[in-house]
């Protein structure tokens with residue numbers, strides 16, 4: 001814990017929750033959270049700009065979906081090769097370097113003459129290192145805040161990211177009416193630069209960590225230990241697959257309703273923001289655990305309506321309601337953290353994030369492929385049904401793991 005913490009005596013390790021205001025008074029958390037939010041806004045703007053560019057050039061639902069979420073495929077490569085870097089001795093330096101790489105990639109996307117093949121190549125490079133950045137960031141988060149502040153901290157970061165996505169998707173659609181995609185990329189680059197400056201100026205280095213040599217061998221060792229436990233596998237399945245399939249639904253908003261895609265995406269982000277606010281701030285740990293399964297059903301259920309081509313207002317409300325279901329991620333992440341040794345927090349959370357991001361890419365690709373064969377509304381409904389099936393089939397294993405976590409803390 002840093003010397004400038006603001007937690008009260010006995011907070012660290014205490015069950016007493018830490019409020020948002022206390023979190024934001026802590027300089028390092030405030031900087032980590034602000035840089036994360038700026039990065040999320042930059043990614044939203046650049047993803048929407050690239051999706052619009054690809055849709056206009058190719059008219060392909062598959063390529064459009066991949067352009068918005070395809071970087072997810074490369075995340076798994078980073079997770080299985082270099083994720084142990086997230087727990088290395090210089091996490092701040094790692095995080096700043098990865099922010100710089102992201103900034104360079106967004107700046108390159110702003111070049112008008114860049115071929116589509118090069119643009120997709122940049123997506124893969126960013127995706128490869130994105131999982132490492134998430135692992136380093138979340139490893140730092142677990143060190144910066146006390147145990148009782150972890151869920152509120154993740155909730156606040158998700159809320160802010162959701163708000164950034166709402167603004168990004170809403171403004172993205174409006175900006176593309178008056179600006180070119182390349183100019184929107186330029187705005188995203190400004191946000192990425194600000195994120196790099198903020199994290200460099202506020203987060204301190206942590207050089208005292210367990211002695212380990214990051215690399216491929218250490219990554220494989222840690223991943224084997226992570227996936228070797230049935231309980232962890234059940235949690236990871238629920239953190240990855242239902243979310244990814246629902247992201248596939250969202251990836252089809254452009255071909256489903258080109259004129260309303262920005263509104264639908266913004267509604268989903270607004271729902272995510274509201275869900276994380278309620279679940280992370282108003283519910284205690286036991287309440288979050290009770291609501292995990294119903295929220296998983298809410299995540300996918302509303303998208304079944306898209307097969308009926310409802311009025312736009314109904315579709316927007318359905319997208320918003322489904323977005324609230326993403327809040328089920330919080331209690332599942334809490335359970336995973338409870339099973340993770342301190343020295344492996346960065347790698348475990350990085351793998352969890354990489355798998356979730358990768359499944360978003362899988363969902364987007366599957367959705368795009370289905371939309372080549374089916375009408376987009378039906379493709380959305382099929383993905384939603386698959387998400388519900390995975391949630392229902394794995395419920396028993398997740399409940400068994402929840403019992404194991406409770407018993408371990410007794």
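The values are calculated or read from the model by the stated rules, or taken from the named source; none is laboratory data. The structure displayed is predicted, hence computed values, not measured ones. A quick note on method: Cβ atoms are made from the backbone with ideal geometry, for glycine too, and the neighbour counts reach across all protein chains shown.
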Quiz item: residue 221 is checked against (1) within 20 Å of the chain's Cα centre (by Cα); (2) modelled with pLDDT under 85; (3) over 21 Å from residue 391 (Cα atoms) and fails just one. What number does that condition carry?
Solution: (1)
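Yes or no, residue by residue, for (1) assigned to a helix (DSSP H, G or I); (2) under 30 Å from residue 60 (Cα atoms); (3) modelled with pLDDT under 85:
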residue: 120; (1), (2), (3): yes, yes, no
residue: 132; (1), (2), (3): yes, no, yes
residue: 140; (1), (2), (3): yes, no, yes
residue: 165; (1), (2), (3): yes, yes, yes
residue: 168; (1), (2), (3): yes, yes, yes
residue: 193; (1), (2), (3): yes, no, no
Practice problem: Mind listing just one residue for me: the one in region 29-61 that is surrounded by fewer than 21 Cβ atoms within 10 Å (Cβ to Cβ) and assigned to a helix (DSSP H, G or I) and, of those, nearest to the chain's Cα centre (by Cα)? | Solution: 34
Self-check item: Any hit, region 78-92, residues being at pLDDT 85 or above, more than 18 Å from the chain's Cα centre (by Cα) and outside any helix (DSSP H, G or I)
Solution: no
